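Report on one structure; see the data block that follows.
The values are calculated or read from the model by the stated rules, or taken from the named source; none is laboratory data. The model shown is predicted, which means the values in this text are computed figures rather than measured ones. Note: ideal-geometry Cβ built from the backbone for every residue, glycine included; neighbour counts use all protein chains shown. What goes into the accessible areas is simple: the full protein's heavy atoms, side chains included, and nothing from ligands, DNA or RNA. Shrake-Rupley method; radii C 1.70, N 1.55, O 1.52, S 1.80 Å.
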Amino acid sequence: MRNLYFTLSAIIIIIVGCRPGEDYSFKPGARWPDNNEVHINAHGGGIIYHDGKYYWFGQHMVEGEKGNSAWVGVHCYSSGDLYQWKDEGIALRVEEEIASEITAGCLLERPKVIFNRNTEKFVMWFHLERKDLGYKDARSGVAVSDRITGPYTYVRSERPDKGNWPVNVGEFHKANEFAGQEIQFTGGDDLPVYCDSLNILGRDHNDGQMARDMNFFVDDDGKAYHVYASEENSTLHISLLSEDYLSHSGKYTRAFICRYMEAPVIFKRDGKYYFIGSGCTGWHPNAARYAVADSIFGPWTEMGNPCTGPDSALTFHSQSTCVLKVAGKEDAFIFMADRWTPENAIDGRYIWLPVIFDGDRINLKWFDEWDLGLFDQLRFRTQ
Ligand code: GAL
């Protein structure tokens, strides 16, 4: 009788406690079904926490190689617990008109949404390459909405910081002798370490700075910063946005000069700023890098590769896209990265790992499966 009682209780707990398909752990690199059992389609994404819920925005990819271009737009998902995600639909749709800057087939990458407390608007920025220009265009697009899930209205695109010099400009940049000159590097092994002497900054001063891989960081004082791969991907710029977050204020700095960093992420912990990024090898993974600073405008101190263990030289076959602070949990940050599959873009996988701190050093190590309880164990171990 007792056995029967236990068996029945166990069955009831299983039936009531777990609805089919629900899973309360992260499995980096596995298929991640949404509420409709469809693999989440939000690549190069970012997550924002608002009014008790998380919202994940990312590139909607389609099948096959052409899937890396934008044929649909920016997809949004919501979640209360970070494990189960509800499809909220397309937050920003590409447009049908050929003349539109975001016409179907453009490249619309790494979308990020930030919330402006003063205007109460949600502002979405993304890397935009207008159609058929390859990666030459290097622009930043912006869209806005009153509702977090959209629809977002496209505002415009631009090359940031046109006509402004960074706070750490050198006198030789201002001489601007290379203005208008065609200088291009694509990345790979052939990256000129002397790149600063080519003065790409000066070349682009009048037309605006190139902006490819990018991210945003909103500081505790409400100031928002755009970090973007500029100067033919050789150097990052960190640029203060205007108060309404819809344009650039004109104040910016150059960081990691000639270090060819992509996939930038900035976050803050205990008053210190952290940067995580990648090298510059397109869809192919390379070793991540991280850096710390006391001020977002630097100086930044490079600390090497945060990943440890097998495949750490390839960031576990992925590339950074966001670091998310878990709401209501002390010292809990999640590193989010993309495992790209450019031959069938829609199948790209998500690598989420806990950020483990030792003082201001970061350790990203592989877990086949983990959950948020891990942060409590980690804290307990370091106390
Ligand atoms: C990566 C970049 C991606 C995408 C890709 C194209 O380095 O992080 O966002 O632009 O190159 O090759």
Quiz item: Are any of the residues in region 27-45 basic (K, R), open to solvent by 80 Å² or more (accessible area, probe 1.4 Å) and at pLDDT below 95?
Solution: no
Exercise. Go through the residues of region 82-96 one by one and say whether even a single one is small (G, A, S), modelled with pLDDT of 95 or more and not in a strand (DSSP E or B).
Key: no
Self-check item: Filter result (of a type in the set (A, V, I, L, M, F, W, C) and within 12 Å of the ligand (Cβ to nearest atom)) within region 247-287
Solution: M261, A263, V265, C280, W283
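Every residue, every condition in (1) open to solvent by 20 Å² or more (accessible area, probe 1.4 Å); (2) within 19 Å of R110 (Cα to Cα), yes or no:
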site	(1), (2)
Y135	yes, yes
S140	no, yes
V155	yes, yes
K162	yes, no
P166	no, no
Exercise. Return a yes/no flag: does region 45-54 have any residue that is within 18 Å of the chain's Cα centre (by Cα) and either within 16 Å of the ligand (Cβ to nearest atom) or without any contact (Cβ under 8 Å) to a residue 24 or more places away in the chain (or both).
Key: yes
Exercise. Please determine, by comparing only the residues of region 85-113 that are among the aliphatic types (A, V, I, L, M) and surrounded by 19 or more Cβ atoms within 10 Å (Cβ to Cβ), which one is nearest to the ligand (Cβ to nearest atom).
Key: L107
Quiz item: Taking the stated definitions as given, is S79 farther than 30 Å from G373 by Cβ and without any contact (Cβ under 8 Å) to a residue 60 or more places away in the chain?
Solution: no
Quiz item: Within region 64-84, is there a residue that is under 28 Å from K329 (Cα atoms), hydrophobic (A, V, I, L, M, F, W, C) and away from the ligand (no atom under 15 Å from the Cβ)?
Solution: yes
